[in-house]
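Student: Before we start, here is the structure in question, set down as structure tokens.
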Amino acid sequence: MGLRFAVDTGGTFTDLMVSSEDGVLSMYKASTTPSDPVAGVIESLRIAASAAGETLDKFLSRGDVLMHGTTHAINAIVTGSTARTAFLTTEGHPDTLVFREGGRIEPFNFTVPYPEPYVPKALTFEISERIAAGGEVRTALDEKAVLATLQRVMDAGAEAIGVCFLWSVVNPVHELAVGALIEKHCPGVPYTLSHKINPSIREFRRASSTCIDASLKPVMGAYMRGLEQRLLDAGFNGRVLVVTSQGGVMDAGRVAEMPVHLINSGPSMAPLAAKLYGRAEPDETLIVGDTGGTTFDVSLVRRGRVPRSRETWLGQPFRSHMTGMPSIDVKSIGAGGGSIAWVDAGGLLHVGPKSAGAVPGPVCYRRGGTKPTLTDAALVLGFIDEAFFLGGKMTLDKAGALDAIRREVAEPLGKDVEVAAQDIVALATEHMVQAIMDITVNQGIDQTQAMFVAGGGAAGLNCVAIARRLGCRGVLVTEAGAALSASGALISDLTAHHQAMFHTRSDSFDHDGVNAVLSRLLDTCTAFSESSGRGASKVEIDWSAEARYIDQAWEIEVPLRVQNFSGEQDLAGLVADFHQMHQDIFAVSDPGADIETVGWNAEVRCRIGSGEPGRLARSEQSARLPARAVRFLGTGWLDAEVWRLEAIPEAQSIHGPAIIESDFTSIVVDPGAVARRDASGNLIISI
């Protein structure tokens, strides 16, 4: 087995994890190039090659596989650089994307503008056809009228087409016919059929995911082709895999054909890494916080499973667009190392959501930044060693950080600069705490019984403060926590998610109908494992149903114990598991009530690596470093011990106040907290 690479492109840094032939890990970071993300990927590989004493082409020639997490899809949507997309819908339903789903963040705020549809009405075209809920054709498709409509679509300058007809998930005959006409009469124009990309009920979600997918196909197709070609030109001849929102990887060429799966590409790996590195007990809850330079991403591991959601919004809930696709449940806020601190006209301090990003970056980076950030505040307080950033490869400008905080925050607030720096860190911490509570409270989780897993380069700055504020049992920082998402990608499986709609009730359960659906899903999973997953050391399929109480508005995902319902005991198991899941999420259930299922899911996972987290090479440096003065939250200046993370012996207790450093992160151990390193290299902090 050759080298394995995992690259996660963030807003500020591009993280690279390399697994050697014998499973030893090494970590590298390069600055992200927002205008050309692939340049950051190549640069991180060049840094790794230099560290190995090899040329880039020789180093890459030893590689077998490269996994890539990217924000390119979401960035294309946010910046409006997706393809000009037309929406074909059933006649009489042109407002599916306009009506959306109801909901407000502030119930009594009526000044918020109504959001624009993802595809404007000028590019929405009605098609005369109708499939009934039972699958029968109520209005036949008029192909001549479709051809006339396609001509109007092309005349309007459409670069992609999304097709979503009513009840195509029951009978897709009309969508398939329109797809064939597009291929014949609009050659080269990418299109997406809703029954293929998202075969589920709820018209807005299915239409939204269809149009988002279509709009991304030209952009992500070009990106994936460019990525593969530039890697090939640099000397890499291995397999290129891309991280998906479902928490697995897929071949770059395949995922370019369904790019809606890339919306949450990078953040989806953090909870998987936490699950594997944390070795959570079956009944344990992990709260995962991944703090990068731009965002703070929150996710969970609960009872050994990573929760998923179909309510993935591309911005604020109800005010942005929803993907409608099942994905790892990750909530993101604009709070990271690069988040800008500022004081408004009323004299209130804010941190974020704007970020200094990679360009110009924090003031202390000396790249032209003028606005103070969380990183600048951490430097002023002594959390970060100005001479040891990125392992000494970058010297920070502490004087510049002090001046920026004094000018932009301390003087407007009438405070000392050190106190202002503490306020910046404290406010950023509170933003992160509230983001965590939004996801834990909504799922009925007792934070006092959970461990907080801190990942990302900026996570160590306030992980203890966050855990204390939440009342968590403790903090876990994985050995490769500074690149948590990249480390998760390195050990992820080749994954494909398949779903089908079929309605039945527990009081009149259609065993034959359900088993026929599950059998078709099994055939689809088997075909994937025998093609893309060929040669996998292990193949597993996770089964689940989307169920709800009868006449309930929303369904929840319930794991299935079996893949074939052979008797009443199998149905009883599904019903019991649904009641327990409902109790876990909403703190209420009705065990005597019947349920109904509306969807069935199968996720096939093909093991293409060891599946085991590797270990970083042990450092030969001294574990103890010279102490330095640090100003912790709520304290004055204190003398703090400083330790080298990779060199800390197993079971060594480190009592706060202390700082634990590696090349890529700085972990603040507040007074009263105690850190120790376990046998897996993880740092466990008792708070």
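Student: What residues qualify as long-range amide H neighbours of Trp167, i.e. H under 5 Å apart, gap of 5 or more or another chain, H built at 1.01 Å from N?
Tutor: Sorted by chain and number, the residues that satisfy this come to none at all.
Student: I would also like to ask the following. Please compute the net charge surrounding Ile42, taking Lys and Arg as +1 and Asp and Glu as -1 over other residues with Cβ under 11 Å from its Cβ.
Tutor: With Lys, Arg at +1 and Asp, Glu at -1, the neighbours total -1.
Student: Out of all DSSP beta bridges in the chain, what portion is antiparallel? Express it as a percent rounded to 5.
Tutor: Of those bridges, close to 70 percent are antiparallel.
Student: How far is helix 143-155 tilted off the main Cα axis of the chain, in degrees rounded to 10, range 0 to 90?
Tutor: Tilt of helix 143-155: around 30 degrees.
Student: Could you state the number of Å between the C-alpha centres of the range 536-587 and the range 111-177?
Tutor: 33
Student: A follow-up question, please. Per residue of the range 645-659, what does 6.51 cos²θ - 1.76 cosθ + 1.60 with θ = phi - 60° give for ³J(HN,Hα)? Whole Hz please, x for Gly and Pro, Karplus curve as stated.
Tutor: Per-residue couplings from phi come out as 3, 5, 9, 5, x, 4, 6, 5, 8, 10, 8, x, x, 7, 10 Hz.
Student: Along the range 373-386, what does the Karplus equation 6.51 cos²θ - 1.76 cosθ + 1.60 (θ = phi - 60°) give for ³J(HN,Hα), rounded to whole Hz, x for Gly and Pro?
Tutor: For the range 373-386, the Karplus curve yields 10, 4, 4, 4, 5, 5, 5, 4, 7, x, 5, 10, 7, 4 Hz.
Student: Using only the Cα atoms of the range 1-84, build the gyration tensor, take square roots of its eigenvalues as a ≥ b ≥ c, and label the shape rounded, prolate or oblate: rounded if a/c is under 1.5, else prolate if a/b is larger than b/c, else oblate.
Tutor: prolate
Student: Helix-derived [θ] at 222 nm for the chain: sum -39500 (n - 2.57) over DSSP H runs of at least 4, divide by residue count, nearest 500?
Tutor: Using -39500 (n - 2.57) per qualifying helix, the result is -9000 deg cm²/dmol.
Student: Roughly speaking, to the nearest percent, how much of the range 30-139's 1.4 Å accessible area is carbon and sulfur?
Tutor: That share works out to 54 percent.
Student: Using a ≥ b ≥ c from the Cα gyration tensor of the range 85-167 (square roots of the eigenvalues), is it rounded, prolate or oblate, where a/c under 1.5 gives rounded and otherwise the larger of a/b and b/c decides, a/b for prolate?
Tutor: Because a/c hits 1.5 or more and a/b fails to exceed b/c, the range 85-167 counts as oblate.
Student: Within 10 Å of each candidate Cβ there may be at most 16 other Cβ atoms; applying that plus a DSSP loop requirement, which trypsin sites (Lys or Arg not before Pro) in the range 79-165 survive?
Tutor: Of the trypsin sites (Lys or Arg not before Pro), the ones in loops of the range 79-165 whose Cβ has at most 16 other Cβ atoms within 10 Å are Arg84, Arg104.
Student: Using alpha carbons only, how many degrees (0 to 90, rounded to 10) separate the axis of helix 417-442 from the longest principal axis of the chain?
Tutor: 30
Student: Can you give me the accessible area per residue for the range 313-396, using a 1.4 Å probe, in Å²?
Tutor: 37
Student: Using only the alpha-carbon atoms, how far is helix 173-185 inclined from the longest principal axis of the chain? Give it as 0 to 90 degrees, nearest 10.
Tutor: Approximately 80 degrees, to the nearest 10.
Student: Here is a further query. Report the relative contact order of the chain, percent, no decimals, based on alpha-carbon pairs under 8 angstrom and at least 6 residues apart.
Tutor: That works out to 12 percent.
Student: Could you tell me the distance between the Cα centroids of the range 450-499 and the range 293-367, to the nearest Å?
Tutor: 15
Student: Separate question: Report in % the part of the accessible area of the range 509-664 that belongs to carbon and sulfur, leaving out ligands and nucleic acids; probe 1.4 Å.
Tutor: Within the range 509-664, the accessible surface is 49 percent carbon and sulfur.
Student: Calculate the spin-label point distance for Glu126 paired with Glu21, positioning each point 7 Å from the Cα along the beta-carbon direction, and give it in nanometres.
Tutor: Placing both labels 7 Å beyond Cα along the Cβ direction yields 6.7 nm.
Student: Shifting gears a bit: Any chance you could look up the accessible area of Thr71 with a 1.4 Å probe, heavy atoms only, rounded to 10 Å²?
Tutor: 40
Student: Taking the Cα-to-Cβ direction at Ser653 and at Thr111 and moving 7 Å from each Cα, how far apart do the two end points lie in nm?
Tutor: 5.6
Student: Right, here's the next one. Under a no-solvent Debye model with one identical scatterer per Cα of the range 250-323, what's log10 I(q)/I(0) at q = 0.12, 0.18 Å⁻¹?
Tutor: For the requested q values the scattering log ratios are -0.42, -0.88.
Student: So what is the accessible area of the range 540-666 per residue, in Å², with the probe set to 1.4 Å?
Tutor: 45
Student: What residues qualify as long-range amide H neighbours of Tyr191, i.e. H under 5 Å apart, gap of 5 or more or another chain, H built at 1.01 Å from N?
Tutor: Ile161
Student: Pop out the ³J(HN,Hα) list for the range 205-220 in order, Karplus 6.51 cos²θ - 1.76 cosθ + 1.60 with θ = phi - 60°, rounded to Hz; leave Gly and Pro as x.
Tutor: 5, 5, 5, 5, 5, 5, 6, 4, 4, 4, 5, 8, 4, x, 5, 6
Student: Would you mind working out the magnitude of the charge dipole of the chain relative to its Cα centre, with +1 at each Lys and Arg C-beta and -1 at each Asp and Glu C-beta, to the nearest 20 Debye?
Tutor: 1260
Student: Still on this structure, I have one more. Ranking request for peptides 594-601, 519-526: highest mean number of other beta-carbon atoms within 10 Å first, then the rest in descending order.
Tutor: Final packing ranking: 594-601, 519-526.
Student: Given N residues in the range 1-49, what is its alpha carbon radius of gyration divided by 2.2 N^0.38 Å?
Tutor: Ratio of Cα Rg to 2.2 N^0.38 Å: 1.13.
Student: Taking amide hydrogens as modeled 1.01 Å from N in the peptide plane, which residues meet the under 5 Å criterion relative to Gly247, leaving out close sequence neighbours?
Tutor: It is Ile328, by chain and number.
Student: Which whole-number percentage describes the relative contact order of the range 546-619, with Cα contacts under 8 Å and a sequence gap of 6 or more?
Tutor: Once normalised by length, the contact order is 35 percent.
Student: If you average the alpha carbon positions of the range 71-107 and of the range 593-608, how far apart do those two centres end up, in angstrom?
Tutor: Centre-to-centre distance over Cα atoms comes out at 27 Å.
Student: Return one whole number: the accessible area per residue of the range 182-285 in Å², for a 1.4 Å probe.
Tutor: For the range 182-285, the solvent-accessible area averages 33 Å² per residue.
The values are calculated or read from the model by the stated rules, or taken from the named source; none is laboratory data. This one's a predicted model, so the numbers in the text were calculated from it and none came from an experiment. Don't worry about glycine lacking a Cβ; one is built from the backbone with ideal geometry, like all the others, and counts go over all protein chains shown. Heavy atoms of the whole protein, side chains included, go into the accessibility calculation; ligands, DNA and RNA do not. Shrake-Rupley method; radii C 1.70, N 1.55, O 1.52, S 1.80 Å.
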